[in-house]
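Written below as structure tokens is the structure these notes are about.
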Amino acid sequence: MVQHDVLVVGAGLAGMRAALEAKKQGVDVAIMSKVYPVRSHSNAAQGGINAALSEDDSWESHAFDTVKGSDYLGDQDAIEILAREAPQAIIELENFGVTFNRDEHGRLGSRNFGGASHARTYFVGDFTGQAILHVMFEQLLRTGLTTYDEWFVTQLVKDDAGAIRGVVAMDIRTGQLHLVKAKAVILATGGMGRVYEPSTNALICTGDGMALAYRAGALLMDMEMVQFHPTTLKGNGALLSEAARGEGAYLLNKDGERFMHKYAPNKLELASRDVVSRAEQIEINEGRGVDGCVLLDLRHLGAEKIMERLPQIRELALEFAGVDIIHEPVPVRPGMHYIMGGIKTDVWGKTNLDGLFAAGECACVNVHGGNRLGANSLLETVVFGKRAGAAAAEYVKSVGDVRVSEAWLRDEEARIEGLLKRPEGEKAAALRLEMGQTMTRNVGVFRTEEQLLVAQAKIQELKQRYQRVSVGDKGRVFNTNLQFVLELENMLDLAEVVVASALFRKESRGAHTRLDYPNRDDANWLKHTVATYTAAGPRLDTRPVTITRWEPQERKY
């Protein structure tokens, strides 16, 4: 049995930043990921990372834009930290070796992004996440810390006092289960995008960390706040970065009208994502769409600018839609992209469970509230990943010997063996598709109680059918069939929480638009929703929103 001071689960940007910081504090750190680290979903972040670096910008302006973008649901103490620490985070990344784009004067170049009052998004072409991830991985390798690549965590482990003291994890390459002890565990496992179908998210985004923490007793907060990105491809949900609109792309309906004039006369296509997605969906629903989409037009930007700044989205549009954005507009529509909710933490990543920390998309600190601004997600990973690493390293100094029962491992062995021995039954892929399509159809940009009840009943049916899901591959070596079955259990639990939370919040705020409760209701719902696991389903409660200086006001763009 191996043991570490700090075990980080998840090797995207939040996990790597947490591991680097914890290691810097002099403790023994390991990082565990179900994929090789540079395949983590941080790779997919395209447009950039926000910071108020220019002389005519300020952290207060960045913070206010974020508060407004959150529809006043973001906790302002956390947002202040995000905005204050952003400039130093960018400088650190550059010192690590990230080659940010430069302007004509040789200074860091920035671009506009939705909901921002200044051009404060710093970028590497349209593959910023990938550039940062690879540089961060180089830094990680330099430290020599232990990495468990392609290990899948199946259970969080507690000591007799109820503190999280490690994990049971499966080495995917052998199928063998291991008990890995740790004085503290940091979850940085990313989002749960594949609960929906389609999604901009990679197939690995199955909400594993959120589900593990939830079943262990951690609180999940604001899970109804699911972001639908305005520019995704119809067929496979692939993301076309907000950087396109940041560089000046238009949105057109079937009549060639720039319809955002009607919905956000000041910011137009650069209103916040929830506003733009609702506008698109209205155009589509009222018959002004094009085959269930609207059009993203970049032709006026010219080939040189597109090839310099947006080469990846040109390639995506060519490959998956057969459209060359240099010469013709590409059909796009709102698609599931991000979850603002997650494991409730304080500003140091600490959860309500002793020994458990979280950072990145799986966490809810809460800086995004009802709607995340583009390019604040990469920033969140490095700012709060670093904080979680520092806090966990400090925490473990007060923890003595780790004593956990071997029964955790035996119980998981029995559970996995039970899954493998199930007779032929339901297929995980079929249930997963039904779940995803149900969520997209009923828990989308617009929601009603009737739709949510339909989704709730379907998820309950799927959870019952999950008990009959079989594993076709009975082997242990790289058994992705088994892994998909385990991931499906996690996603069904989270889908249940998303639907329950969406039913619970009886107002419209940010990305959560209830047609039966069309207005924001600060009197009754300026509060977070919090879900606690029970065997009978999630128990919903509320927590107050932290307001430091910006009182809620009507949101206009």
> For residues in the stretch 393-447 being closer than 30 Å to residue 159 by Cβ and among the basic types (Lys, Arg), which is most open to solvent (accessible area, probe 1.4 Å)?
Replying inline: 403
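Residue under question is residue 70, and the condition is that it be open to solvent by less than 30 Å² (accessible area, probe 1.4 Å), touching a Leu at 6+ places or on another chain (Cβ under 9 Å) and among the hydroxyl-bearing types (Ser, Thr, Tyr); does it hold? Reasoning before the result, please.
Values: open to solvent by less than 30 Å² (accessible area, probe 1.4 Å): yes; touching a Leu at 6+ places or on another chain (Cβ under 9 Å): yes; among the hydroxyl-bearing types (Ser, Thr, Tyr): yes.
Criteria met by residue 70.
Residues are listed down the side, and each one gets a yes or a no for (1) at pLDDT below 95; (2) of a type in the set (S, T, N, Q); (3) surrounded by fewer than 19 Cβ atoms within 10 Å (Cβ to Cβ); (4) over 21 Å from residue 114 (Cα atoms):
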{"site": "278", "(1), (2), (3), (4)": "no, no, no, no"}
{"site": "281", "(1), (2), (3), (4)": "no, yes, no, no"}
{"site": "285", "(1), (2), (3), (4)": "no, yes, yes, yes"}
{"site": "288", "(1), (2), (3), (4)": "no, no, yes, yes"}
{"site": "294", "(1), (2), (3), (4)": "no, no, no, no"}
{"site": "310", "(1), (2), (3), (4)": "yes, no, no, no"}
> Which of the residues belonging to the stretch 359-392 are over 20 Å from residue 212 (Cβ atoms), polar (S, T, N, Q) and open to solvent by 10 Å² or more (accessible area, probe 1.4 Å)?
Replying inline: 377
> Which residue pairs have Cβ atoms closer than 6 Å, lie 6 or more positions apart in sequence or on different chains, and pair a first residue in the stretch 385-400 that is closer than 24 Å to residue 190 by Cα with a second residue that is modelled with pLDDT of 95 or more and among the basic types (Lys, Arg)?
Replying inline: 385/17; 386/17; 396/183
> For residue 513, all conditions in the list (1) under 21 Å from the mean Cα position of the chain (by Cα); (2) under 30 Å from residue 467 (Cα atoms) hold save one; what is the number of the exception?
Replying inline: (2)
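So, in the stretch 376-416, exactly how many residues are hydrophobic (A, V, I, L, M, F, W, C) and assigned to a loop (DSSP other than H, G, I, E, B)? It would help to see each step written out before you state the result.
Initially, the stretch 376-416 is screened for residues hydrophobic (A, V, I, L, M, F, W, C), giving 378-379, 382-384, 388, 390-393, 396, 399, 402, 404, 407-409, 414, 416.
Now restrict to residues that are assigned to a loop (DSSP other than H, G, I, E, B): 399, 402, 404.
Summing the residues that are hydrophobic (A, V, I, L, M, F, W, C) and assigned to a loop (DSSP other than H, G, I, E, B) in the stretch 376-416 gives 3.
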>> Just to be sure I understand, how many residues within the stretch 9-65 are more than 23 Å from residue 157 (Cβ to Cβ), hydroxyl-bearing (Ser, Thr, Tyr) and crowded, with 24+ Cβ neighbours inside 10 Å?
In response: 2
> Which number in (1) surrounded by fewer than 17 Cβ atoms within 10 Å (Cβ to Cβ); (2) closer than 26 Å to residue 512 by Cα; (3) among the aliphatic types (A, V, I, L, M) marks the one condition that residue 303 misses?
Replying inline: (2)
>> Let me confirm something: among 529, 542, which residue is in contact with a His (Cβ under 8 Å, 6 or more places away or on another chain), among the hydroxyl-bearing types (Ser, Thr, Tyr), open to solvent by less than 70 Å² (accessible area, probe 1.4 Å) and not in a loop (DSSP other than H, G, I, E, B)?
In response: 542
>> Need pairs with beta-carbon distance below 7 Å; first residue acidic (Asp, Glu) and within the stretch 12-37, second assigned to a helix (DSSP H, G or I) and at pLDDT 95 or above; sequence gap 6+ or separate chains.
In response: 21/386; 21/389; 21/390
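Run down 102, 111, 107 and say which single residue is open to solvent by less than 20 Å² (accessible area, probe 1.4 Å) and either at pLDDT below 95 or of a type in the set (Lys, Arg) (or both). Before you say what the answer is, go through the steps one by one.
On the way: 102 fails: open to solvent by less than 20 Å² (accessible area, probe 1.4 Å); 107 fails: open to solvent by less than 20 Å² (accessible area, probe 1.4 Å).
It is 111.
Does the stretch 491-504 contain any residue that is crowded, with 18+ Cβ neighbours inside 10 Å, of a type in the set (Gly, Ala, Ser) and outside any helix (DSSP H, G or I)? Steps first, answer last, please.
From the stretch 491-504, those crowded, with 18+ Cβ neighbours inside 10 Å are 491-504; that's our starting set.
Pick out the ones that are also of a type in the set (Gly, Ala, Ser) and you get 495, 500-502.
Now drop any that are not outside any helix (DSSP H, G or I), which leaves none.
So far as the stretch 491-504 goes, no, none of its residues is crowded, with 18+ Cβ neighbours inside 10 Å, of a type in the set (Gly, Ala, Ser) and outside any helix (DSSP H, G or I).
Which residue is farthest from residue 150 (Cα to Cα), if the candidates are limited to the stretch 467-490 and must be open to solvent by 40 Å² or more (accessible area, probe 1.4 Å) and touching a helix residue (DSSP H, G or I) at 6+ places or on another chain (Cβ under 7 Å)? Step through it out loud before you land on a result.
So in the stretch 467-490, the residues open to solvent by 40 Å² or more (accessible area, probe 1.4 Å) come out as 467-468, 472-474, 476-478, 480-481, 484, 489.
Filter once more, keeping what is touching a helix residue (DSSP H, G or I) at 6+ places or on another chain (Cβ under 7 Å): 472-474, 484, 489.
Values: 472: 21, 473: 18, 474: 19, 484: 14, 489: 19 Å.
Among them, the one singled out is 472.
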>> Restricting to the stretch 212-262, count the residues that are in a loop (DSSP other than H, G, I, E, B), among the small types (Gly, Ala, Ser) and crowded, with 24+ Cβ neighbours inside 10 Å.
In response: 3
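The values are calculated or read from the model by the stated rules, or taken from the named source; none is laboratory data. Model, not experiment: these values are computed from the prediction. FYI the Cβ positions are ideal-geometry reconstructions off the backbone, even for glycines, and counts take in every protein chain you see. These accessible areas exclude ligands, DNA and RNA; they are computed on the full protein's heavy atoms, side chains included. Shrake-Rupley method; radii C 1.70, N 1.55, O 1.52, S 1.80 Å.
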